[in-house]
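Mind looking over this structure? Questions follow.
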Amino acid sequence: MAQGSAKIRIAHAEPIGQGARLLRIERVDGAELGFAGGQYVIINTGVTLPGGKLAKRAYSMLSSDAEQRAVEVAVKRIGAGPGSNVLNDIAVGAELEWSGPWGKLRLPPGFSGRALVIATDTGITAALGIARSAAAAGAAQLDLLWLVEDGETFVSEAFVRERLPAAVRLTVAGGFLPVGHPERPARACALVGDHVADGPRDAVLCAGDGAVIYPIRDRLASLGAPEGSVLLESFFNNPMKKSL
Ligand SMILES: Cc1cc2nc3c(=O)[nH]c(=O)nc-3n(C[C@H](O)[C@H](O)[C@H](O)COP(=O)(O)OP(=O)(O)OC[C@H]3O[C@@H](n4cnc5c(N)ncnc54)[C@H](O)[C@@H]3O)c2cc1C
């Protein structure tokens, strides 16, 4: 299926934790999305921002790419943010538009090596999508490191474990420093350094806080990761976007 815009319907919604929602979404025309685990869609929330632009927001699929007609996303409510509030409050059956799939955070087709997925915060959605899709394709040797604050109101560890294939080893580095803490990148690099002490990975895929995952890539490069073997998807604090 080619990338493009499509009309979508909220097929199912349920609360997760205190400030987030799990949505099952399908195209109104019943067509497949054609995504790979780790990719995302951009949802047009229909909200007009001050200045006249529409609030279009990215959400990564947390469901396996073995199922292409309906996908799952989890949306954390971010303060008074327009996109996340609309998607936390929207009625089941409502119709919106999305475009996609987008993104290069994905394992190469047929990948059979040793991979590490690193997620911070809400980046766990993309990590789940990658891990579940890799398992559905029979790929082996994948482990997942999740850096998350205590008391995070997004998905719980139980939510993640319930959905993670048995072959994937999950390490939860709880008690991680809060978003914006100046020591966050250094703490993350130390945790990742410990994690890869048992040997190199053929691929490392990172999603979440841009202030953390770019330094992680630099640390892995200094530890010998080949160029191009570490892929990043920044959900927020993207250092490549000057407006943040
Ligand atoms: C590739 C990609 C995939 C994404 N996947 C998901 C996903 O699966 N689930 C999800 O809930 N969100 C995801 N996001 C974030 C999402 O696109 C929106 O930024 C978020 O929902 C806030 O939008 P808003 O309109 O409510 O608030 P805005 O007013 O747009 O955002 C307010 C501020 O909060 C920042 N922000 C966004 N997320 C966080 C966070 N977790 N912690 C701290 N600050 C944050 C934004 O960058 C912005 O600076 C993803 C982002 C990208 C780029």
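The values are calculated or read from the model by the stated rules, or taken from the named source; none is laboratory data. Bear in mind the structure is a predicted one, so any value in this text is a computation, not a measurement. Cβ atoms come from the backbone with ideal geometry, glycine included; neighbour counts cover every protein chain shown. Ligands, DNA and RNA are stripped out before the accessible areas are found, and what is left, the full protein with its side chains, is counted by its heavy atoms. Shrake-Rupley method; radii C 1.70, N 1.55, O 1.52, S 1.80 Å.
Which aspartates and glutamates have a Cα lying under 20 Å from the Cα of Lys104, excluding residues fewer than 8 positions away in the same chain?
Glu32, Asp65, Glu67, Glu72, Asp121, Asp143, Asp202, Asp209, Asp218, Glu227, Glu233
From the residues Leu223, Ala137, Ala211, which one has its Cα farthest along the dipole of the stretch 115-236 in the positive direction, the dipole being from +1 and -1 charges on Cβ of Lys/Arg and Asp/Glu about the Cα centre?
Working it through, the farthest residue towards the positive pole turns out to be Ala137.
Additional query: Can you find, among Tyr59, Leu170, Ser156, the residue farthest towards the positive end of the dipole of the chain? Put +1 on the C-beta of Lys and Arg, -1 on that of Asp and Glu.
Tyr59
Just tell me which lysines come within less than 16 Å, Cα to Cα, of Lys7; anything on the same chain fewer than 8 places away is out.
Within the straight-line cut-off, Lys7 pairs with Lys56.
Sticking with this structure for a sec: Tell me the label-point distance for the pair Ala197, Val179, using the 7 Å Cα-to-Cβ offset, in nm and rounded to one decimal.
3.1
Over the chain, what is the mean sequence separation of C-alpha contacts under 8 Å (at least six apart), divided by residue count, expressed as relative contact order in percent?
Averaging sequence separation for qualifying contacts and normalising by length gives 19 percent for the chain.
Right, next: Just to verify a number: FRET efficiency for Ala80 and Lys241, C-beta to C-beta distance, R0 = 22 Å, to 0.05?
For Ala80 and Lys241, the calculated efficiency is 0.60.
Another one. Calculate for the chain the 222 nm mean residue ellipticity that helices alone would give, adding -39,500 (n - 2.57) per DSSP H run of length 4 or more and normalising by residue count, nearest 500 deg cm²/dmol.
It lands at -6500 deg cm²/dmol.
Now for a different question. Dipole size in debye (nearest 20) for the chain around its Cα centre, Lys and Arg Cβ +1, Asp and Glu Cβ -1?
Here the chain has a charge dipole of around 480 debye.
Let me ask something additional. Under a 10 Å cutoff between Cα atoms, tell me which one of Pro200, Pro50, Pro185 has the largest fluctuation in the Gaussian network model of the chain.
Maximum among the listed residues: Pro50.
For the chain, with every protein chain kept in place, what is the accessible area per residue (1.4 Å probe, Å²)?
Computed with neighbouring chains in place, this is 46 Å² per residue.
Could I ask something else about it? Given an 8 Å cut-off on Cα distances and at least 6 residues of separation, report the relative contact order of the stretch 119-242 as a percent.
Normalised by residue count, the contact order of the stretch 119-242 is 26 percent.
Next up: Can you tell me which aspartates and glutamates have their Cα less than 18 Å from the Cα of Lys53? Leave out same-chain residues fewer than eight positions away.
Glu97
Given +1 on the Cβ of Lys and Arg, -1 on the Cβ of Asp and Glu, and no further charges, what dipole in debye does the stretch 4-102 carry about its Cα centre, rounded to the nearest 20?
360
Roughly how far apart, in whole Å, are the Cα centres of the stretch 1-75 and the stretch 169-244?
26
At a 1.4 Å probe radius, carbon and sulfur cover how many percent of the accessible area of the chain?
Carbon and sulfur: 51 percent of the exposed surface of the chain.
Treat every Asp and Glu Cβ in the stretch 115-236 as -1 and every Lys and Arg Cβ as +1, leave all other atoms uncharged, and give the resulting dipole magnitude about the Cα centre to the nearest 20 debye.
My answer is approximately 220 debye.
Using a Gaussian network model on the chain with a 10 Å cutoff between Cα atoms, which of Gly129, Gly30, Gly103 fluctuates the most?
Gly30
Take the chain, connect every pair of alpha-carbon atoms lying under 10 Å apart with a spring to form a Gaussian network, then pick out the residue of Gly199, Gly113, Gly175 with the largest mean-square fluctuation.
The residue with the greatest mean-square fluctuation here is Gly199.
Another one. How much solvent-accessible surface does Thr171 expose, in Å² to the nearest 10, with a 1.4 Å probe and all protein chains in place?
We get 50 Å² for Thr171.
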